[in-house]
1. Going by what's in this entry, would Pro78 be described as buried (at least 21 other Cβ atoms within 10 Å of the Cβ) and at pLDDT 95 or above?
2. For the stretch 91-115: of the residues being among the small types (Gly, Ala, Ser) and open to solvent by less than 10 Å² (accessible area, probe 1.4 Å), which is farthest from the chain's Cα centre (by Cα)?
3. Restricting to the stretch 248-271, what's the tally of residues that are under 16 Å from His309 (Cβ atoms) and either touching an Asp or Glu at 6+ places or on another chain (Cβ under 8 Å) or open to solvent by 30 Å² or more (accessible area, probe 1.4 Å) (or both)?
4. What residue, of Ala77, Ala103, is among the small types (Gly, Ala, Ser) and in contact with a Lys or Arg (Cβ under 9 Å, 6 or more places away or on another chain)?
5. Run Arg542 past the list (1) farther than 30 Å from Asp429 by Cβ; (2) of a type outside the set (Ser, Thr, Tyr); (3) in contact (Cβ under 8 Å) with a residue 24 or more places away in the chain and report the number of the one that doesn't hold.
6. Take the stretch 420-436 and flag every residue that is open to solvent by less than 50 Å² (accessible area, probe 1.4 Å) and either farther than 14 Å from Leu462 by Cβ or touching a helix residue (DSSP H, G or I) at 6+ places or on another chain (Cβ under 6 Å) (or both).
7. Which members of the stretch 280-305 meet the condition of being open to solvent by 30 Å² or more (accessible area, probe 1.4 Å) and among the hydrophobic types (A, V, I, L, M, F, W, C)?
8. Quick check on my filter: what residues within the stretch 529-545 are exposed (fewer than 15 other Cβ atoms within 10 Å of the Cβ) and over 29 Å from the mean Cα position of the chain (by Cα)?
Amino acid sequence: MLFALGLSCQSALAVEHAAAPAMPHLSLEHGAYQLIVDGAPFLIRGGELENSSASNRDYLEDLWPKLQAMRLNTVLAPVYWELIEPQEGRFDFSSIDHLVAGARQHRMKLVLLWFGSWKNSMSSYAPAWVKRDQQRFPRAARTDGSGLEILSALSQANLDADTRAFSALMQHLKDTDAHEHTVLMVQVENEVGMLPEARDHSATANAAFAAPVPARLTDYLAAHKSTLAPPLRDAWQAHGYKTGASWADTFGASPQTDELFNAWTEASFTGKVAASGKAVYPLPMFVNAALVRPGRLPGQYPSGGPLPHVFDVWKAAARALDFLAPDLYFPNFVEWANKYVQPDQAYFIPETGRASAADMAANAFYAFASLKAMGFSPYAPEFLSAEDAAALGDGYRVIEQLTPLLLASQGTGKLVGIRAPTAFAGTVDLSPQQVAFDPYRFDVHFKQLPGVSVGAKEKAELPGAHGGLIVRLGADEFIVAGTGMILTFASKDPANPIAGIESIQEGRYENGAWVAGRTINGDDSNQGRQLSLPSGKFGIFRVRLYRYR
């Protein structure tokens, strides 16, 4: 009887386990890494809350409707070590619980940002019991020995305190969210790196710097020698590809080597924190990077963070992390965004800003299409002006409609993003761009075409943001979405060397199905010679082409 009852209980547990959807995870689908939520791919239309917005329930309650109005489906929100462990070993997860409850109430998902040992290099979010006990929880030091507001990555006590708190957080998420899957991913720390010097100069750090470079790093470098970042490979090569030697003897005595050392120590620390959390509840985990302004040297930016020139160090040191992500605030979005494309990792933009909301939305189109991004997240959307909030919402509205098509097309070669690139100085390159969809060629323009009537008050340059995407539906049929673009078409078919527009429909998608609106022709298509995506709003058009002699 007891044996039979045991079988019955096991069967019931097996049924419950089989019925529960798999936890959020990353999967390579038709050439694109995608986030899988409840068994289906999920595209994050995100927004990252300003640093303090998630610290108070009443304050946050007023923000949810505004975030919904901008068509966000995911909120990136900090979780604060100082709030969840105000006394050592005594945890208070009420700030997490009200955040999760608010997201569920407003039918949104969350990506949590662990503000633990480091936030923007500094340790300002460590609890008071850590901050006040420097002997137990040592700080990084300057070359003169004075302390920094940065916990040392070489302290086992610092690591143990962070991993205990992070593991407790992940256990709480497992206990409270394993079935709902409100929380999709976790960022471990925030914009780590050393300032205002390139590495920790404490006695412990100096001893580690003089010791042999860990074999775990040099073994990784040897195994990936052909694909190493050029500055790292060149420094190692210049010193004879040494192993078992000090950092200076292996890579040279330089600020760049100081940064390599700091990348190794902080990546090792962060990777161990991530591994401790994954051992409890293995959600996808990542780190974000503060980028480098032109001409800055190590120590003048958060040195050793997950930047392209030290990707290899991070991959060797922090293998529990799923991907490295950029925080894109510089005007040269396209240039920096492409530096983070890696064939073995998912792509996500957790922070972006310092541009008009229309430009940020245009960047999202480009990221989802050309970079196979699984998510995009402007910073502090709760503080956007009404005009900017409407512009971001307009772009996200179109992306929301296109989501099934984007998820099905990422990585297949049928999806291309368009963006007029901007230099760091702010100059926008409005040169025409070409996109090939054999046997057609799309010429994308960001200015009025010669011979087309331009109103007296209208400039030849299309105003506002310029960008969008193209999806191939069939041999001659395409979806074009975006803003501030004019497209003309050519044929590469020798037998039929001229491309014509058979039809243009303006429209929308509802639940993945196309709903046609206006038929665009006459003056609105320059008598069948172009497709115009007006400035100042985002739209979707379905185009059928044909070829003739």
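The values are calculated or read from the model by the stated rules, or taken from the named source; none is laboratory data. Model, not experiment: these values are computed from the prediction. In this analysis, Cβ positions are derived from the backbone assuming ideal geometry, glycine residues included, and neighbour counts consider all displayed protein chains. Note: accessible area is taken over every heavy atom of the protein model, side chains too, but ligands, DNA and RNA are not part of it. Shrake-Rupley method; radii C 1.70, N 1.55, O 1.52, S 1.80 Å.
1. Here the answer is yes, as Pro78 does meet what is asked.
2. Only one residue tops the list, namely Gly102.
3. 5
4. Details: Ala77 fails: in contact with a Lys or Arg (Cβ under 9 Å, 6 or more places away or on another chain).
Testing whether each residue is among the small types (Gly, Ala, Ser) and in contact with a Lys or Arg (Cβ under 9 Å, 6 or more places away or on another chain) leaves just Ala103.
5. Among (1) farther than 30 Å from Asp429 by Cβ; (2) of a type outside the set (Ser, Thr, Tyr); (3) in contact (Cβ under 8 Å) with a residue 24 or more places away in the chain, the lone unmet condition for Arg542 is (1).
6. Pro421, Thr422, Ala423, Gly426, Val435
7. Residues satisfying the conditions are Val280, Leu297.
8. Matches in the stretch 529-545: Arg529 only.
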